[in-house]
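These notes are about the structure you will find just below.
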Amino acid sequence: MKLQTLLFSMLVALPVAAQTIPIRTDHTDLILKVAPNHRLYQVYLGERLLDVGEYDHLDWDVYAASDASVSQRGWEVCNTGGSEEFYEPALGITHTDGSQTTYLYYRGHETKAVDGGTETVIRLADDQYPVQVTLHYVAYPREDVIKVWSEILHHEKAVKRAGSIAADGCIALQAIHSTILYFRRPSYYLTEFSSDWAREAQMSSQQLQFGKKVVDTKLGSRAAMHAHPFFEIGLGQEVRETQGEVLMGTIAWSGNWRYTAEVDNAGALRILPGLNPNASAYRLRPGETFRTPEFIFTLSRNGTGQGSRNLQSWARRYQLRDGMGPRMSLLNNWENTYFNFDQEKLTRLMKEAKTLGVDMFLLDDGWFGNGGHARNGDSAGLGDWDVNRSKLPGGIPALCDAADGAGVKFGIWIEPEMVNPRSDLFEAHPDWAIRLPNREYYTYRNQLVLDMSNPAVQEYVYGVVARILTDGHDSSGQRDINGDARVAYFKWDCNSPITNAYSPYLGDRQSNLYIDHIRGVYNVMRRVRENFPDTPMMLCSGGGARCDYEALKYFTEFWCSDDTDPVERLYIQWGFSQFFPAKAMCAHVTDWNRQAPVKFRTDVASMCKLGFDLGLRHLSADDLAYCQQAVANWKRLQPVILDGEQYRLVSPYDGNHMAVNYVSQDRRHAVLFAYDIHPRYKEPLQNVRLQGLDADRNYQVEEINLMPGQASSLKGNGQVYSGDYLMKIGLEAFTQNGLQSRVIEIKGL
Ligand code: DGJ
């Protein structure tokens with residue numbers, strides 16, 4: 001018997017005091033226990049128990065069915081492939097000897113205080129193989145959020161057998177999940193978020209019956225195009241906004257993720273969030289630690305409204321880059337000019353940005369590439385990050401000077417992980433692109449994805465970003481007259497999924513590509529964040545395909561969708577708001593859906609991080625005056641809209657209207673947004689009842705964002721009401737007019 005095995009069997013033979021490991025937030029208990037077989041089980045996940053002494057009543061098999069064949073199995077916290085568990089494993093390993101069986105035994109645990117919460121670290125190990133798994137749970141009491149991930153480490157020996165894939169001592173991780181959660185409730189309802197270009201975050205629900213529901217993505221470089229990495233599960237009833245128990249969870253991973261919701265034969269629900277195993281049996285070297293993506297969840301007993309506020313508030317405090325800081329409004333040139341611009345045109349737009357009152361001008365795609373690879377369309381130039389000298393002879397410094405002259409900040413677009421085959425970069429480094437050596441490549445939007453698993457490519461991409469961020473320097477140094485960085489903002493795009501999945505760098509470890517590629521992307525993003533901590537950055541991915549919680553660490557905001565039709569945006573923003581704070585969600589006023597008045601379009605964008613992407617020359621004098629006023633109001637109300645609590649009041653999925661209100665943290669100030677989409681003729685209208693106000697406080701109600709010369713038709717405008725009244729009776733904020741909107745400021749007295 002090997003020494004390690006001997007020591008472990010001695011340990012197992014010792015009597016263990018039943019270990020209880022509580023993971024607690026203010027309202028949720030996740031209770032784990034070590035059973036006499038030394039394995040770790042989930043014994044409870046639900047509303048926090050008042051008396052911790054009663055944890056003693058909880059058994060590891062308490063929820064198991066009475067059927068003898070399953071009664072002793074319990075709910076293992078990291079159930080493993082090849083064990084007596086017959087359902088989807090949280091972790092599946094092929095060892096170097098070819099065995100696919102792993103058993104994990106409890107070795108110890110510690111807890112420690114971390115920023116905002118408590119981290120519990122639990123060590124597990126196999127008794128036959130030198131494999132250790134460490135489970136991390138961070139509980140954030142105030143926000144009722146739990147973050148969980150695992151780490152896998154092994155010291156297996158290489159197998160020198162001819163033909164063995166383990167000649168290098170790698171084990172293969174066949175199934176990699178961040179955790180597994182179990183529930184036993186009478187019924188389960190899943191709300192998922194499907195997606196497509198210009199159709200992000202579309203919500204639909206279904207009851208989960210026996211068997212599995214799997215939602216995943218295989219796009220490689222972006223979390224979404226078909227589905228987003230977050231979900232809601234109504235426990236015991238359908239998902240509702242203000243009541244009922246609901247689990248809301250999200251996988252923090254920008255690449256191939258997967259979640260499985262499986263109802264077993266005993267009626268229990270198992271939820272497994274993790275990495276997509278498709279073409280990704282990860283080969284892990286001895287001594288190397290594999291860290292799974294984080295899974296972040298909240299369990300609300302008051303519906304998704306409370307769950308969203310938990311996550312929004314947690315994301316602002318602990319995940320979103322500069323989550324507590326202010327945000328800049330902007331004017332973007334993409335839909336206004338596309339690739340057709342020069343210095344003069346951009347200088348004019350910078351002045352328009354100033355006229356509008358926004359903080360910044362953002363230059364989009366088309367400013368780089370020279371000669372035969374000039375970026376005058378989307379088929380060439382990507383990868384060649386030198387300024388196009390015929391469009392912009394003065395380069396980035398001249399653009400920064402022009403922005404300074406106009407009195408706005410300057411931001412710039414990049415897409416550094418992609419390359420056009422028609423580019424100097426691809427001609428110089430064809431082996432830096434992900435593509436098959438023995439087949440014709442195919443592209444998406446004329447792009448190939450750079451192989452970010454290759455450290456040389458990571459270095460190149462970081463260098464591109466760093467150079468652009470410092471390229472605005474002039475002889476006076478790195479800062480503008482206000483002391484700010486000259487390139488003050490970045491929009492980082494990522495359009496193509498991984499096509500032709502083969503890394504010229506990884507050689508025979510191709511099954512690591514999807515994971516190592518994303519890790520390479522994060523390496524670069526981490527370096528950018530470290531070295532340019534003060535530069536806010538928007539993450540874009542052909543619209544909103546990279547809205548995931550890991551990316552939030554590196555970006556201050558994300559582009560929700562290229563679809564800026566305000567009616568569609570009501571649905572898209574409703575969907576994303578389930579998981580993301582308004583502060584992280586960019587919304588621009590554009591020319592999509594010109595039937596909608598500029599006021600309606602602006603009021604929809606004002607619910608999130610406001611920007612514009614249209615030519616002011618096309619606005620009437622009244623529309624321009626309206627926009628200037630709306631920008632000023634949005635800036636003034638940032639502490640309420642972006643830093644307050646959000647209450648979704650009327651869902652666009654339920655009819656012809658939508659309403660949301662935001663309340664400042666001290667509950668003295670609120671803003672109500674109400675939209676009429678396509679009301680029916682003589683449709684009976686409901687009052688909009690606000691939420692989150694202080695019932696005992698009086699508030700003055702005033703409609704803002706009115707068109708010049710227009711008086712408010714809101715009943716009770718200017719009057720004082722108690723919070724109690726506004727929450728129980730509400731305001732007649734809806735109308736029977738299509739595409740009409742109201743923004744109502746509620747000021748505490
Ligand atoms: C896709 C983005 O979603 C757009 O906003 C724009 O930046 C284009 N890329 C530029 O090519």
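The values are calculated or read from the model by the stated rules, or taken from the named source; none is laboratory data. Source: prediction; values computed, not measured. When we count neighbours, we look across all protein chains shown, and the Cβ atoms used for this are built from the backbone with ideal geometry, even at glycine. The accessibility values were calculated without ligands, DNA or RNA, using every heavy atom of the protein model including side chains. Shrake-Rupley method; radii C 1.70, N 1.55, O 1.52, S 1.80 Å.
Remarks
- Full-stretch length increase - V121, A621 - with 0.36 nm per residue and alpha-carbon distance subtracted: 173.9 nm
- Multiplying the residue separation of A198 and R142 by 0.36 nm and removing their Cα-Cα distance gives an extension gain of 16.6 nm.
- Residue-normalised accessible area of the stretch 645-748, expressed per residue, 1.4 Å probe, Å²: 46
- Alpha-carbon centroid distance for the pair the stretch 631-690 / the stretch 28-49, whole angstrom: 41
- On Cα atoms only, tilt of 621-636 relative to the major axis of the chain in degrees: 40
- In the stretch 609-701, the ratio of gyration radius to Kirkwood radius, Rg to Rh, stands at 1.03 when only Cα atoms are counted.
- In degrees, nearest ten, helix 3-13 long axis to first principal axis of the chain (Cα): 90
- Degrees, to the nearest 10: 455-471 long Cα axis against longest axis of the chain: 30
- Subset of K491/K583; K351/K391; K354/K747 violating a 27 Å alpha-carbon distance limit: K354/K747
- Dividing the summed -39500 (n - 2.57) terms of all DSSP H runs of n ≥ 4 by the residue count of the chain sets its mean residue ellipticity at 222 nm at -5500 deg cm²/dmol.
- 20 Å-binned pair-distance histogram of the chain (Cα, whole percent): 16, 46, 31, 6, 0
- According to the Kirkwood relation over distinct C-alpha pairs, the hydrodynamic radius of the stretch 2-319 is 20.3 Å.
- Given the chain, longest segment not containing exposed loop trypsin sites (Lys or Arg not before Pro) (DSSP; at most 10 other Cβ within 10 Å): 161-438
- Rounded D (µm²/s) - the stretch 645-748, Kirkwood Rh over Cα pairs, Stokes-Einstein at 4 °C, 1.567 mPa s: 94
- 10 Å Cβ shell holding at most 12 others, DSSP loop, chymotrypsin sites (Phe, Trp or Tyr not before Pro): longest site-free stretch of the chain: 443-680
- Gain upon complete extension [I729, Q710; 0.36 nm per residue less C-alpha separation]: 4.2 nm
- Each pair of Cα atoms in the stretch 545-610 enters the Kirkwood radius, and Stokes-Einstein at 20 °C and 1.002 mPa s then converts it into a translational diffusion coefficient of 179 µm²/s.
- For the stretch 2-319, lysine pairs with C-alpha atoms less than 29 angstrom apart, excluding pairs fewer than eight positions apart on the same chain, total 11.
- If you take the Cα centroid of the stretch 574-599 and the Cα centroid of the stretch 257-282, the two points sit 33 Å apart.
- Rounded percent of accessible protein surface that carbon and sulfur make up, the chain, 1.4 Å probe: 49
- For D696, D613, D56, the ranking by accessible surface with the largest value first comes to D696, D56, D613, using a 1.4 Å probe.
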